[in-house]
Each structure stands twice: as C-alpha cells, then as structure tokens.
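Written out below as structure tokens is the structure these notes cover.
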Amino acid sequence: MEIGLLQRQTTSLVMTQELRQALHLLQYSSVDVIAYLREQALENPLLELHERSTLSRERELDGTRPIRQTVSSDDKQAALQNVPQRGRTLADELHEQLIESPTLSENDKCELTYLIGNLREDGYLGEELPQLCADRKIAESEGERLLAILQSFEPAGVGARSLGECLALQLKRMPDCHPLAIDIVLNHLEALAARKWKQLAKQYGVAVQDIQQLYDQLKELDPKPGLRYSKETAIYVQPDVLMAKDESGKLLVFMNDDILPAIRVHEEYDHLLKQQVETSAYAKQKKQHVEWLKRSLEQRQQTVRRVAEVLASEQADYLLQPNGVLKPLTLNDVAQVLGIHESTVSRATANKYAQTPRGLVELKGLFSAHISKSDTQLTNHHVKVWLKEMISVEDKSKPLSDQKLAEQLRIEKGVALSRRVVAKYRDELGILPSSKRKRYNERTG
C-alpha cells in the first residue's frame, strides 16, 4: 500500500448564510416575516421599516393598480366603536349570582369568593378541596357544603373536580335524566366513552338502548363550561394572495403587499456613518444587508405570486364554482410548469393563504394527489366524498367496516384501494370506525 499526497478537483454546493435566510423567508408566513424584519431592524441601524398605506383590497379587474378608498369621519367613528371590549368573565358571572343570593351569610359569601378565585378558566376547581380548606382553616365538611353551593350556580358544571362530576352536575338539571345516569358517569365514564354499552347494560341490569340514550345525552353537555366566558380573542389570518374574477370569468392573482412593511435605508444614520472613515466599512456592510433584504422579499413575493397563478389556473373550477372539485395537482406538477425545484413550491405554499371567490383558502389545500394511474382525474377528494355518502346511508345497526367500504368502492366506483388507505381517508373526514358508529334500535313504548 503506497501512502502519499493526492490532489483531486470536485464540485460541491455550499449554502451561504444569506441563501439560508432567503429560503427561510420564502417559507415564513407573513406574520413570521414581519417578526423577522423587526428583529433585523433592532440589529441594523440603517434598516428602517414603514407600514404601507392602507389601500382598498378591491382591484381594478382591467389592471393591477389598486383603487384608493376614502374613509369618512363616520366610518372612522364606527371603526373605533368596533374596538374589542373586555368581555364578561366567569368570575363576573359567579360574583353577580353571589351578590344576588339573599340567603347566604356574609361569611359564606367571603368563603365562596375565595373558591371562585381558585377556579380554572374552564370552570373546574384549580386546587384540591382539602388544601383549600386548610388554607382557609375550615373543616372539610364545611368546604363540601360551600362547594355544593358554588356548584348550584350557573353555568351548570362549574366548580367540578373532575370531568365525571362536571357532567353529573349538568345531568342533575335534566328532567329526562335516567336514574342510573349519574352513577354511571361518576364511576364508569371511561367504559361509556369506549362504547362498552353491553357490559354496562349487563352490570346495571338495563337495556343497551338506555346506555345509548345516556351516551347521546352526554354529547349535548359542555365538558368545559367556563370556556364560554373565555377572554381569548379570535386570531384572524391575513391572506398573502388575492384572487379576483374579471369580466371574462378568469381568475386574476394579486399579492397582498400591504400586509408587509416597506424597507428603506435610514437616511440619517446613512449620512452620519458615511462621514466617519472608521465606520464606513460597518455602514457599507449594514447597507448591503438592507439591500439584500429588499431583494429577498421581492424574490419571495414574485415566487409566491407565480406559484399562486399556476394554482389559480389549474384549480379555477374549484375556486369559482360552489360545487367545484379539486383537480389532481402535485408539487411536482407546479414545479414542472415553472421550471423550479419541487422544494421551492413547497416553501412558497407553506403557511400561505389566498382570498378567493370561494373564501379564504390555504395554498397547500389546493394540491390533490392522483389516486389511480389509469384515471388521472381521480383524486382523494373524490374518494372522500364517496366515502361520506356511503357512510351516511349505511345501516346504523350494521355499519360498514373499512374493508367493506373498500370493496364497495371497487364494485360501485371501480376504485381499488386498500383497507388501510380507506381508514386513513375516513379518519381525515373525522368519521369514527364501524365499531364506534354502531347504533341500537331505539326502545318504543
């Protein structure tokens, strides 16, 4: 074996830090992009962010120039009136009932106020009752009495220490509640949820239909009664892309650039840094970074728009028609049309939404895989629609298993799918397996 030095010429792809950041920008949502730019502005004194002017989201269908919308003083006043106000909390509701209870002593109201303060947001008791009694230096029997008073307040189920107790408190207020319902909920809730109805019916000496009726009643109850007073506000998604139909019925695609801030070089810092020789290199580096950010954002918007235009063209029927269906379309299909890599299409559609005639649509949701090589127009969307229809008309006393559904698809639709694939689509539709869908004939008389 001979040992020596050897030179070899090879080529390799090196991903620079700027390229890595550009890829991240492409797959970021608009919210993430804004957060990233603000973070960069803290590190770069030459980077200045400006919120874009509020423009009308309506576009001229014969061009791309946005129409500026005038806002009257009345409209501004109405907008101010729409500012979210502090909502009524669970504690507010309970304290009001506490004040309006004439039979309670001042001491009881004081202790109940302490219990209310220890409720979780969902309405359950936050601490163990013995510990709360020890904190207040009262007997546990007294704590049980006070808790029973709190549990008599609205909403039904408040002050519960477990899910079973929460449901039992609500069942007590139902006039048509089965006599054994509360005992079953408190002691055999897991078996009831697992639909071991025959076992419970035998144990309690009742008909299976009685257990089924109790199960149906439980589905109408609120497992977290306190959350109806939750102070959390809804988070709205801002569309990255706007799709509008022109007079000819064609979809036009626009980027919603107004949601991203404009990037500029801070003139004051730029001027001061340029006058100081010792900081000129630093100024040049930071200014180059600002220019790179501007180019990267422009490239991001251009890539997203190009991908959105292909999606709008290919899925026009789905986006324009209320009953439209998705065509078979994959990441690779779009990549081939645009001459870019499949991973770029994936990044360009990740966490992106489009406002369309059909409503707000996630760009990722406009892809649909091929199901059959012989029928390239068949997608998983079609199969899911068929599965939903088959299950809706099945005999509920003998629901179709996944294997039976697969056989029925093959016979009626000519689609050959494995039982596992059928189970996957059924799960995605939020439909229970056959063992969980079985119903027993209702009792009469």
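See the values below:
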{"read-out": "Accessible surface of segment 382-434 [probe 1.4 Å, protein heavy atoms]: carbon and sulfur percent", "value": "51"}
{"read-out": "Qualifying trypsin sites (Lys or Arg not before Pro) in segment 133-233, DSSP loop, other Cβ atoms within 10 Å at most 16", "value": "Lys137, Arg161, Lys172, Arg173, Lys196, Lys231"}
{"read-out": "Extension gain (nm, one decimal) between His289 and Arg439, 0.36 nm per residue minus Cα-Cα", "value": "47.5 nm"}
{"read-out": "Karplus-derived HN-Hα couplings along segment 127-143 (A = 6.51, B = -1.76, C = 1.60, θ = phi - 60°), whole Hz, x at Gly and Pro", "value": "10, 5, 4, x, 5, 5, 5, 5, 4, 8, 6, 10, 6, 5, 4, 5, x"}
{"read-out": "Coil-residue GluC sites (Glu not before Pro) of segment 393-427, DSSP, other Cβ within 10 Å capped at 13", "value": "none"}
{"read-out": "Net charge of Cβ neighbours under 14 Å - reference Glu342; Lys, Arg +1; Asp, Glu -1", "value": "+1"}
{"read-out": "Near-label residues of segment 384-419 by backbone N, under 16 Å of a point 7 Å along Cα→Cβ of Val208", "value": "395-401"}
{"read-out": "Flagged links, alpha-carbon separation over 23 Å, of Lys109/Lys219; Lys245/Lys384; Lys198/Lys388; Lys245/Lys388; Lys172/Lys224; Lys172/Lys219", "value": "Lys109/Lys219; Lys245/Lys384; Lys198/Lys388; Lys245/Lys388"}
{"read-out": "Burial ranking of peptide ranges 184-194, 94-104 (average Cβ count within 10 Å, highest at the top)", "value": "184-194, 94-104"}
{"read-out": "Charge sum, other residues only, whose C-beta stays under 12 Å from Lys398's C-beta, Lys/Arg counted +1 and Asp/Glu -1", "value": "+3"}
{"read-out": "Net charge of neighbours whose Cβ lies under 12 Å from the Cβ of Cys133, counting Lys and Arg as +1 and Asp and Glu as -1", "value": "-4"}
{"read-out": "Förster radius 56 Å - calculated FRET efficiency between Leu432 and Gln7, Cβ distance, rounded to 0.05", "value": "0.25"}
{"read-out": "Accessible area of segment 98-152 belonging to carbon and sulfur atoms, whole % at 1.4 Å probe", "value": "50"}
{"read-out": "Apportionment of accessible area to carbon and sulfur, segment 316-357, percent (1.4 Å)", "value": "46"}
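The values are calculated or read from the model by the stated rules, or taken from the named source; none is laboratory data. Source: prediction; values computed, not measured. Positions of Cβ are backbone-derived with ideal geometry, glycine not excepted, and every protein chain shown enters the neighbour counts. Just the protein is used for accessible areas: all its heavy atoms, side chains included, with ligands, DNA and RNA removed. Shrake-Rupley method; radii C 1.70, N 1.55, O 1.52, S 1.80 Å.
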